[in-house]
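The values are calculated or read from the model by the stated rules, or taken from the named source; none is laboratory data. Worth saying up front: this structure is predicted, and the values here are computed from it rather than measured. Here the Cβ positions follow ideal geometry from the backbone for every residue, glycine too, while neighbour counts run over all protein chains shown.
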Amino acid sequence: MTLLQQYAEVAGSDAVEHLRQLAGLLQGARVVHVNTTAWGGGVAEILTPLIPLSRELGLDASWEVFEGAADFFACTKLMHNAVQGMRVAPDERGLHVYEDYNARNAERLRSVLEDADFVFIHDPQPAALISHLPRRRGSWIWRCHIDASHPDPRVWRYLHEHVATYDASVFSLPTFVRPLPHPSYVIPPAIDPLSDKNRALADEEIRGVCSGMGLDPNRPLVVQISRFDRFKDPVGVIKAYRLAKGFVPGLQLVLAGGGAADDPEGAEVLHEVRGAAGDDPDIHVAELPPRDDVTVNALQRSADIVVQKSVREGFGLTVAEGLWKGRPVIGGDTGGIRLQLTNYHTGFLVNSPEGAALRIRYLMHNRDQRLEMGAKAREFTRRSFLLTRQLREYLTLMVALRSGAGERISLG
Amino acid sequence: MIAIASARRATTLQELLDGIRVSPAESLYYHFWADLLQARFEEREYNNDFASWVAHQLHEHRLAEQLAVIDPTAFPGLEGLRVVLVETIEAALEESERLAWLRSERPFDFVRSQIVIFDTGWRAGDPAELAELLPFLPVESIFYHFIDARRREPPGVDDFSHWLSDFGPALTPLVEELVGVDYYFGSLVELRRRLIEAFAHRLAAVSGP
């Protein structure tokens, strides 16, 4: 079965037909995506299936990974935090390192980037490549995956010099956008329904993961999958669980995520979470190894309710992952979570541990409603947050850039 | 349709008014129609983003109702629509000084639309063929041919009715039924269902028992 056939099976044949029609206008176009990691993180997760799918649609798509080292990533981590609003900035030496790596990567990738019809540069790390390639012939698009609405002004001033020279930018939400001298498209991210994290699993696979973690399949389960990060409020989730447990006997909670091993702050938060969990045998705190996607998938599928109680969030794709598994999601009323949750339809938006506890009780005591919301959640995600929708919008953007900047572009 | 953000935001009614005054016409278009193209569950309580923001963020339900009742298809061009929006908000601000002081926690983000129109390769040679195609038409096509068409020549007429009028008086009842469809409420999926039903019912009447 071809990839397109597989996507048609899960996303719908109409979605794939739409892709075919749009891709028909871009046959043979050379499209290059550049990011900084080959695996791990949302960008790599989406590029992994996006490239073969684009190729099957007749585009000459490829993916280049920017080569950096510790000193470069130390600088870009600061930049990343600064773009998201922290008042931090790399020093002059850091900026020199940033420019040096961009110059070296530009040299290494010169021919492929200069010849491309469309170049998608993901996030701030490789954003300066453009300044080293004046003979580029295609359209360059800066794809910003983070909330750039309130950046540190020093860092934004610096980045703006590079980003302003692009032909377009893409943000995940209108509220993330900064003023730029080119069109800023709004394209929310998406999940890949065929990946290990989201594909259908056999019952034995799910049971294996649950029994490995000591979960009782006959008792109610709430799951939050996310990095151990204060913005994800894992301690708040424990508080919500405790408040709900008196009304939902036997309730179990899983807090699972990666990233604590190589992140000092993550390790600290994990320590706090373990402290808050205490010796409650029904709270399962699991630090997952990288790429343990089947475990994530199985945990979300075993859950009665998925939680993403962030107090601050970029887009929050773990919400779409939960919805895709037919689970109502209780999510923090912030960022892109607002786009994914509609109260009483796909889940609930909450603003406190108390709010989360109330909704856990409500959903646990209304089984029919929970199942009905789960079914709606899956259908909503099929239409709105699968890779096919994201690719459709990328294709539309490319067609629009190739055809001019008018409000209406008529082709064929 | 694809969305392009302007980075212009409003947190007060005056800022909303300023934004409406200076935003490109396609921004008004986006804020009146784009929501129809999104997956959603509920009937839209307010039929455009301006009304919805005034209601849910400023909690000014009277003004929200006044904005919601504005019919974007009642104006030959979007500039006429802009004038009415501006006049409605100006009148509200003049009437109540309090409104000028309201501030929303969540801003209104001005977004504009860009529409790429392409040939799907699908063809209907006669009304029966169109009736067969309708169930398979993507909702975006329904939007383009039944709603967006009213901005094009001949103004105020959807593509289906315009095309059917070439097939003689026998199809007048079908054309009249299509003209009578109030597409401003409900979803595009629902609209497609209503069109399918209208075609099935009226074409059956034409072909007889």
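For segment A:346-362, a residue qualifies if it is buried (at least 18 other Cβ atoms within 10 Å of the Cβ) and in contact with an Asp or Glu (Cβ under 7 Å, 6 or more places away or on another chain), and the qualifying residues are A:Leu349, A:Val350.
Taking (1) within 30 Å of A:Arg327 (Cα to Cα); (2) surrounded by fewer than 23 Cβ atoms within 10 Å (Cβ to Cβ) in turn, A:Cys144 satisfies each apart from (2).
One residue stands out in segment B:168-197 among those that are over 19 Å from B:Ala149 (Cα atoms) and hydrophobic (A, V, I, L, M, F, W, C): the one that is surrounded by the most Cβ atoms within 10 Å (Cβ to Cβ), namely B:Leu171. Considering only segment B:79-95, I want to know if a residue exists there that is touching a residue at least 60 places away in the same chain (Cβ under 8 Å), on the phi < 0 side of the Ramachandran plot and not in a helix (DSSP H, G or I). Within segment B:79-95, not a single residue is touching a residue at least 60 places away in the same chain (Cβ under 8 Å), on the phi < 0 side of the Ramachandran plot and not in a helix (DSSP H, G or I).
Taking into account only those residues within segment B:106-134 that are away from chain A (no Cβ under 11 Å) and either assigned to a loop (DSSP other than H, G, I, E, B) or not aliphatic (A, V, I, L, M) (or both), which is surrounded by the fewest Cβ atoms within 10 Å (Cβ to Cβ)? The residue in question is B:Gly125. Only one of the numbered conditions (1) away from chain B (no Cβ under 14 Å); (2) surrounded by fewer than 17 Cβ atoms within 10 Å (Cβ to Cβ) is not met by A:Gln27, and that is (1).
Among the residues of segment B:1-20, those identified as modelled with pLDDT of 95 or more and either among the hydroxyl-bearing types (Ser, Thr, Tyr) or in contact with a Cys (Cβ under 8 Å, 6 or more places away or on another chain) (or both) are B:Thr11, B:Thr12. Taking A:Asp100, is it under 22 Å from A:Gln390 (Cβ atoms) and either in the same structural domain as A:Arg30 (by TED's automatic domain parsing) or surrounded by 18 or more Cβ atoms within 10 Å (Cβ to Cβ) (or both)? Taking the combined requirement at face value, the residue does not satisfy it. Just one of B:Gly77, B:Gly19 is within 14 Å of chain A (Cβ to nearest Cβ), farther than 26 Å from A:Pro188 by Cβ and either touching a strand residue (DSSP E or B) at 6+ places or on another chain (Cβ under 9 Å) or surrounded by fewer than 19 Cβ atoms within 10 Å (Cβ to Cβ) (or both); which is it? Of the residues listed, the single one that is within 14 Å of chain A (Cβ to nearest Cβ), farther than 26 Å from A:Pro188 by Cβ and either touching a strand residue (DSSP E or B) at 6+ places or on another chain (Cβ under 9 Å) or surrounded by fewer than 19 Cβ atoms within 10 Å (Cβ to Cβ) (or both) is B:Gly77. Of all residues assigned to segment B:101-116, none qualifies as being more than 30 Å from B:Leu78 (Cα to Cα) and touching a Leu at 6+ places or on another chain (Cβ under 8 Å). When segment A:360-393 is filtered for residues that are more than 9 Å from every other protein chain (Cβ to nearest Cβ), out of contact with any Leu (no Cβ under 8 Å at 6 or more places or on another chain), farther than 16 Å from A:Ala303 by Cβ and in contact (Cβ under 8 Å) with a residue 24 or more places away in the chain, the ones remaining, listed by number, are A:His365, A:Leu386, A:Arg389.
When the criteria are applied in full, A:Gly335 fails the requirement of being more than 22 Å from the chain's Cα centre (by Cα), assigned to a loop (DSSP other than H, G, I, E, B) and not basic (Lys, Arg). Return a yes/no flag: does segment B:120-128 have any residue that is touching a residue at least 12 places away in the same chain (Cβ under 8 Å) and basic (Lys, Arg). Among the residues of segment B:120-128, not one is touching a residue at least 12 places away in the same chain (Cβ under 8 Å) and basic (Lys, Arg), which makes the answer no. Residues that are surrounded by fewer than 19 Cβ atoms within 10 Å (Cβ to Cβ) and under 30 Å from A:Asp123 (Cβ atoms) were ranked within segment A:195-215; the one that is nearest to the chain's Cα centre (by Cα) is A:Ser195. So, A:Leu401, is that one more than 9 Å from chain B (Cβ to nearest Cβ), buried (at least 18 other Cβ atoms within 10 Å of the Cβ) and more than 30 Å from A:Ala303 (Cβ to Cβ) or not? When the stated conditions are applied, A:Leu401 passes them. May I ask you to verify whether A:Leu323 is in contact with a Ser or Thr (Cβ under 6 Å, 6 or more places away or on another chain), closer than 26 Å to A:Ile206 by Cβ and within 14 Å of chain B (Cβ to nearest Cβ)? In short, yes.
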